[in-house]
Amino acid sequence: RPAFFAMAVIGVVTMLALRLSLPPLANEGKANVRNELRVLSKGSVLAALLLTVVSSSSMFTVFTYIVPILQDETHASTAFVTSMLVLYGTGLAVGNYLGGRFADRSLSLTLISSLVAVTLLLALFSMTVSLPLIVAPLIFLWGIASFALVPPLQSLVVQEAKEAPNLAAAMNIGAFNLGNALGAVLGAAIIKTGLGLGYVPLAGAGTALFGLVMVLWFMRSRQQRSQQNPIPAC
């Protein structure tokens, strides 16, 4: 219960910080819900949202079961498990910052690099899960790579649905949570097969690899669309 109370306090502080820091944004026109929903039916928008589902699924396939993985496979103490959760959270914050910075330079390269990193880190985690000294830096780096995906994915969805950016951004959060649920299901399926908790990170790596293939396909099709519909010269 104290943890939930602390989260509520942090939520209130966050709302106040947003209220004080965000500039006033005038609503210049009423949104047409029908038009915005029509935009969300575009193939490119749905593909971008699916990328978010797959990417977040990779993360939550492992994170949902990180405590039993550390307890049973790494044979970690409660203090070590707690410190790893804090370390992972720190990695998420760093990754969110870096993802935003690098996405401004190259959105596609940020997505590709992050997914490659997640794939390699989770595969290595699966092979070295019994070694605490290696697990600790891997968890931190995995946190960075996992959340470095979030800003470019959000930006990609908004770009593809530029006629309905607000609804698209909201839908992207829904896609992230759907990936959360699907990742937990995938992790549970791996455990239920009897392969053991050590194979759960490998499943997460496989999902990230699938996301990487999707990104490469999406970027290629996006480039083809831009070549077929060039911007007219002024």
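Relative to the longest principal Cα axis of the chain, at what angle does helix 43-63 sit, 0 to 90 degrees, rounded to 10?
20 degrees
Helix 132-148: angle to the longest alpha-carbon principal axis of the chain, degrees 0 to 90, nearest 10?
10 degrees
How much of the accessible area of region 24-151, in percent, comes from carbon and sulfur atoms when a 1.4 Å probe is used?
Values: 4330 of 6500 Å².
Looking at region 24-151 in its full context, I get 67 percent from C and S.
If you fit an axis through the alpha-carbon atoms of helix 165-192 and take the longest principal axis of the Cα set of the chain, what angle between them do you get, 0 to 90°, nearest 10?
For 165-192 against the chain, the angle is about 30 degrees.
Largest first, how would 102, 60 line up by accessible area (1.4 Å probe)? Display every interim value, and only then the final one.
Details: 102 100, 60 25 Å².
I get 102, 60, largest accessible area first.
Divide by every residue of the chain the summed helix terms, -39500 (n - 2.57) for each DSSP H run of at least 4, and state the resulting mean residue ellipticity at 222 nm, rounded to the nearest 500 deg cm²/dmol. Please list the in-between numbers first.
Values: 9 runs with 183 residues, N = 234.
Only helices count here, giving -27000 deg cm²/dmol.
Can you work out the accessible area per residue across the chain, with the rest of the protein chains kept in place, probe 1.4 Å, in square angstrom?
Values: 13650 Å² over 234 residues.
Value for the chain: 58 Å² per residue.
Hey, of (1) 112; (2) 138; (3) 166, which did the structure itself give for volume of the Cα convex hull per residue in Å³ when calculated?
(3)
Starting from the residue with the highest accessible area, list 134, 112 in decreasing order, probe 1.4 Å.
Numbers: 134 65, 112 45 Å².
My answer, sorted largest first, is 134, 112.
Could you sort 217, 142 by their accessible area in this structure, using a 1.4 Å probe and putting the largest first? Spell out each step's value before the answer.
Numbers: 217 155, 142 5 Å².
Sorted by accessible area, descending: 217, 142.
Taking the Cα centre of the chain as origin, work out the dipole magnitude from +1 charges on Lys and Arg Cβ and -1 charges on Asp and Glu Cβ, in debye rounded to 20.
Working: 13 positive and 7 negative charges, 109 e Å.
So the magnitude is around 520 debye.
The values are calculated or read from the model by the stated rules, or taken from the named source; none is laboratory data. These figures come from a predicted structure and were not determined experimentally. Cβ coordinates were reconstructed from backbone atoms using ideal geometry, including for glycine residues, and neighbour counts include every protein chain displayed. When the accessible area is computed, the model is the full protein with side chains, heavy atoms only, and any ligands, DNA or RNA have been set aside. Shrake-Rupley method; radii C 1.70, N 1.55, O 1.52, S 1.80 Å.
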